[in-house]
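Asks: Sharing a structure below in C-alpha cells format, with a few things to ask.
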Amino acid sequence: MVELSNAKVFGGIGALLMLIGTFIPTIGPILSIAGIVLIFIAVKTISELTKDNEIYRNYLMHLIISVIAIVALFVIMLVAFGAAGGFTWISGLETTEITDFESFWANFGSIIGGCAVALIVGWILSILAAIYLRRSYNKIAEHTKVDLFKTTGTVYFVGAITTIVLIGLLIIIIARIIEIIAFFSLPDKLPEAVGGEKKEPDRRCPNCGRAIPMDAKACPYCAKKFEE
C-alpha cells in the first residue's frame, strides 16, 4: 500500500544522496542519479496520495528540462571545439605565438564564444527547470502543510538565477539541505487523516452535475428544483 511515510524515506534519502554526490568527484554522479530517482519516486507517491497530478507533471518537466540543459551545454561546447579545429587546434597552439589581443582572439575566440553561448543557454534552461520544481514543491507544501517545501523551491529558484555570478552554486547547496529537512519533516499521513477532519459530503445537481450546497432546494446554476 502506498503511504506518505514511504515518500518521506525515499525523498529524504534521495535528497541526501544528491547533496553528498555534489562533493564526491568519482562516484558523485552515480549517487546524484540514485538520489534523483528516489526523489522522483517520492514525488510520484505524494502526487498519487493527494490525487494532484500537477505535482508529478511539474517535477517531471523539471527533470526533462534539467537533462536538456546538460545535453545542450555539452553539445554547444563540442560544436565550438569542432569549429575551432578540434584536436588540430590543440596541436596548433604549440607553435602559435600570442603577442596581442588580436592573435589571442584569433586562436581562442570561437572557443570562448561557444562556451559563453553554452553557459547562457544552460543558465536559461536551469531557471526554467527551477520554475517547474518550485511549482511542484509549492503543491506538495499545500497538501502536506510542510512549508519547507515552499522554501526549498524558492531557494532553488534564486540559486538558478544567481548561478550566472557563481554564488548560485552555494545557494543551491543550501536548497538541497533544506530539501532533506523538508522530506524528513513529512507526516506519516496527510493532514486531513491526522486531524480526523470529516469533509462535507459532496452534493451535485442531477441535471447539470455542478457542486451545490447540501441544503439547496434548487440548483443555483441551472435552476433545477429538487423534490422535498
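Asks: What are the residues in segment 143-177 that are under 20 Å from L38 (Cα atoms), buried (at least 18 other Cβ atoms within 10 Å of the Cβ) and hydrophobic (A, V, I, L, M, F, W, C), if any?
Replies: Those that are under 20 Å from L38 (Cα atoms), buried (at least 18 other Cβ atoms within 10 Å of the Cβ) and hydrophobic (A, V, I, L, M, F, W, C): V146, L148, F149, I172, A175.
Asks: Looking at A175, is it over 18 Å from the mean Cα position of the chain (by Cα) and either in contact (Cβ under 8 Å) with a residue 40 or more places away in the chain or over 30 Å from F81 (Cβ atoms) (or both)?
Replies: No: the conditions fail for A175.
Asks: Kindly establish whether D188 is modelled with pLDDT of 85 or more and loosely packed, with under 13 Cβ neighbours inside 10 Å.
Replies: Criteria met by D188.
Asks: Next question. Can you tell me how many residues in segment 104-127 are under 19 Å from the mean Cα position of the chain (by Cα), more than 14 Å from V75 (Cα to Cα) and of a type in the set (G, A, S)?
Replies: Adding up the residues that qualify gives 1.
Asks: Do you know which residues across segment 37-53 are modelled with pLDDT of 95 or more and surrounded by fewer than 17 Cβ atoms within 10 Å (Cβ to Cβ)?
Replies: If the condition is that a residue be modelled with pLDDT of 95 or more and surrounded by fewer than 17 Cβ atoms within 10 Å (Cβ to Cβ), then V37, I41 are the ones that fit.
For (1) aliphatic (A, V, I, L, M); (2) touching a Lys or Arg at 6+ places or on another chain (Cβ under 6 Å); (3) within 30 Å of I171 (Cβ to Cβ); (4) assigned by TED's automatic domain parsing to the domain that holds K8, each residue gets a yes or a no:
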{"residue": "F40", "(1), (2), (3), (4)": "no, no, yes, yes"}
{"residue": "A80", "(1), (2), (3), (4)": "yes, no, yes, yes"}
{"residue": "A84", "(1), (2), (3), (4)": "yes, no, no, yes"}
{"residue": "I98", "(1), (2), (3), (4)": "yes, no, no, yes"}
{"residue": "A118", "(1), (2), (3), (4)": "yes, no, yes, yes"}
{"residue": "L133", "(1), (2), (3), (4)": "yes, no, yes, yes"}
{"residue": "E142", "(1), (2), (3), (4)": "no, no, yes, yes"}
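Asks: Quick one: is P25 modelled with pLDDT under 90 and either in the same structural domain as K150 (by TED's automatic domain parsing) or within 13 Å of the chain's Cα centre (by Cα) (or both)?
Replies: yes
Asks: May I ask you to list the residues in segment 192-214 that are part of a loop (DSSP other than H, G, I, E, B) and at pLDDT below 80?
Replies: G196, E197, K198, K199, E200, P201, D202, R203, C208, G209, R210, M214
Asks: Does at least one position in segment 60-83 carry a residue that is surrounded by 16 or more Cβ atoms within 10 Å (Cβ to Cβ), modelled with pLDDT under 80 and over 21 Å from A130 (Cβ atoms)?
Replies: No, segment 60-83 has no match at all.
Asks: Say we look at segment 13-46 and pick out the residues that are in contact (Cβ under 8 Å) with a residue 12 or more places away in the chain and small (G, A, S); which of these is farthest from A141 (Cα to Cα)?
Replies: G21
Asks: Could I ask something else about it? Tell me which residues, restricted to segment 127-142, are farther than 17 Å from I64 by Cβ, surrounded by fewer than 20 Cβ atoms within 10 Å (Cβ to Cβ) and not polar (S, T, N, Q).
Replies: Hits for segment 127-142 are A141, E142.
The values are calculated or read from the model by the stated rules, or taken from the named source; none is laboratory data. Keep in mind the model is a prediction, meaning the values are calculated, not measured. Cβ: placed from backbone, ideal geometry, glycine included. Neighbour counts: every protein chain shown.
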